[in-house]
Structures are given as C-alpha cells and as structure tokens.
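The structure appears below as structure tokens.
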Amino acid sequence: MDTADDGTRTARSLTGWLEAVHFAELSNDQATVRILEAIAAWGEHQGWRVYRRAPSVFPLPPPLRGHSVLDVACARPDGPPIAIEIDRLDRPRTVDKLLAEAAAGRVAIWVRWGAGPFTPPPLPVHMVVRAAARRSGTWHTVADRPPPSHSAAPIETSTPEELPWNSE
C-alpha cells in the first residue's frame, strides 16, 4: 500500500466526516474537544483502535524529558497507524511532530480548524480543514444557515368575529 496515496484517501475520508460536525457558541477548548471527539468517532466507525493523547515519537523540548503526545492516533489492521494533531493556530512544532511521525511510517494528518486561511504543511503531512467563524467571542461552524423549510400548505385565516375570544 502506498502511504502517500493512503494518506490522501484517509484525509479525504476525515474531511467528509468533519463536514457533518456543526457547533455554535463554543469556546476554543470546547470546539477543539468537539472536533477531537468527532475524529475519534470517525476512527471507531472505521473499525480501528483509537487512542487519545497517544505517545509520539517526537521528543519534548528541553528541559522537559520524554516524548510529546498526539491528539489522536488510530491503529489499523490493514495499513500504517494514523497520527493526528488538531490546531486552530499555526504551530511549527506541530509540523515538526507530524513530520517525525511520517518518518516513522505513520500517516500524518493535521486537522486545522477556524477561520483560516491555513498554510498547507509540507508533504507527507496531510491537512484537513474544518472551517469555523468567530462571533461574539465564540466559535460557530456555519456563519449563516438558511432557515428551515416550512410546509407549503396554505394558512387559514379567521376574521375577528370568528376568533374564540370574540364570541359571546
């Protein structure tokens, strides 16, 4: 299986899944958690093992010791593992972490959310975008949703004399 083609297909699948995620009036943290939970549900729907805060191959910066963590990782029986990071902001360290994951044989995906525009990371890191707009200090996935359609049935009107409170 070609990892680059697999990463492109996987990123497209995740993009389609995240298009169905809608939210309104969420803080930065709440929106990130909503997206993280949707990603975990996507992986579980595929039949994969899903890990939140999975260990990364990327070391922590000094003076810290140990390794960084991934927002989500998926283990697949039919392909390389998937390493996913979720960010609203542009973080060069995230790109470095995902490049290290890709070098270790994982499909690396950076989920960016917010108003954009987002600069694509270098390949083999794949980017998935979930657009959101900030209004009144909170995040919304759809700025202006059309009103729901209503019945086309005609509305029956009454004359004032026919109203129940006007009868004697």
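Observations on the model:
- Where N is the number of residues in segment 3-143, Cα Rg divided by 2.2 N^0.38 Å: 1.02
- Normalised by the number of residues in segment 3-143, the mean separation of alpha-carbon contacts (under 8 Å, six or more apart) gives a relative contact order of 25 percent.
Where a number appears in this text, it was derived from the coordinates with a stated rule and is not lab data. Remember, predicted model here, so these are calculated numbers, not experimental data.
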